[in-house]
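Colleague: Let me give you the structure first, and then I'll get to my questions.
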Amino acid sequence: MIGTLVVDEAGQAQPQMVLGSLFRSRRAIIVGDPKQIQPVVTDELILLRKAYDDDDLKPYKKKTLSVQGVADGMNLFGTYLDNASDYPDWVGCPLIVHRRCISPMYDISNEISYNGIMKQQTRFPKLV
């Protein structure tokens, strides 16, 4: 039995990759960014499509479905992010405080991917 399972970079993992661990854990913390790299698909897609013939499993046929996407779909708390379509993306409990980059990289990614909702908290480098 696993007490708490932490899945980091969950936007890059397909749901079937964590099923065994999730089944054995009491609780899970799923952390990822759906605006970053899509799932890394290593399985034969034709085989997966045949395996998921059941109507209940059709949502899992999508090549871009990730652990993060499934977790977001079950999360009651979150927000919608615009994706230039009529159906914005639901993101559960988005992290909106950014602590890694300074301008201009922060400004560019905040505008393009996050529609300006991120708050910059990166400390500026000390000048020697």
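Colleague: Across the range 20-42, what is the total count of residues that are outside any loop (DSSP other than H, G, I, E, B), over 16 Å from the mean Cα position of the chain (by Cα) and not basic (Lys, Arg)? Step through it out loud before you land on a result.
Modeller: Residues of the range 20-42 outside any loop (DSSP other than H, G, I, E, B): 20-30.
Applying the additional criterion that residues be over 16 Å from the mean Cα position of the chain (by Cα) yields 20-27.
Subset that is not basic (Lys, Arg): 20-23, 25.
Total satisfying the criteria: 5.
Colleague: Can you pull out the residues in the range 66-90 that are of a type in the set (Gly, Ala, Ser) and within 25 Å of MET17 (Cβ to Cβ)?
Modeller: The first filter runs over the range 66-90 and keeps only residues of a type in the set (Gly, Ala, Ser), leaving 66, 69, 71, 73, 78, 84-85.
Selection gives SER66, GLY69, ALA71, GLY73, GLY78.
Colleague: Right, another one. Look at the range 72-88 and say how many of its residues are surrounded by fewer than 13 Cβ atoms within 10 Å (Cβ to Cβ) and part of a loop (DSSP other than H, G, I, E, B).
Modeller: 7
Colleague: Going by the conditions given, is VAL91 in a loop (DSSP other than H, G, I, E, B) and either touching a strand residue (DSSP E or B) at 6+ places or on another chain (Cβ under 8 Å) or modelled with pLDDT under 85 (or both)?
Modeller: no
Colleague: Let me ask something additional. If SER113 passes every condition in (1) among the hydroxyl-bearing types (Ser, Thr, Tyr); (2) in a strand (DSSP E or B); (3) closer than 17 Å to ILE37 by Cα but one, which one does it miss?
Modeller: Looking at each condition in turn, SER113 falls short on (2).
Colleague: Yes or no: the range 85-108 includes at least one residue that is among the acidic types (Asp, Glu), touching a Gly at 6+ places or on another chain (Cβ under 8 Å) and closer than 25 Å to VAL41 by Cα.
Modeller: Applying the first criterion (among the acidic types (Asp, Glu)) to the range 85-108 yields 86, 89, 107.
Right, trim to touching a Gly at 6+ places or on another chain (Cβ under 8 Å) and you get none.
No, the range 85-108 contains no residue that is among the acidic types (Asp, Glu), touching a Gly at 6+ places or on another chain (Cβ under 8 Å) and closer than 25 Å to VAL41 by Cα.
Colleague: Does any residue of the range 62-71 turn out to be at pLDDT 85 or above, exposed (fewer than 15 other Cβ atoms within 10 Å of the Cβ) and either out of contact with any strand residue (DSSP E or B) (no Cβ under 7 Å at 6 or more places or on another chain) or not in a loop (DSSP other than H, G, I, E, B) (or both)?
Modeller: No, the range 62-71 has no match at all.
Colleague: Another one. Just to verify a result, which residue in the range 94-110, among those that are more than 19 Å from the chain's Cα centre (by Cα) and part of a loop (DSSP other than H, G, I, E, B), is nearest to ILE30 (Cα to Cα)?
Modeller: CYS101
The values are calculated or read from the model by the stated rules, or taken from the named source; none is laboratory data. No experiment lies behind these values; they were computed from the predicted model shown. Virtual Cβ from ideal backbone geometry, glycine too; neighbours counted across all protein chains shown.
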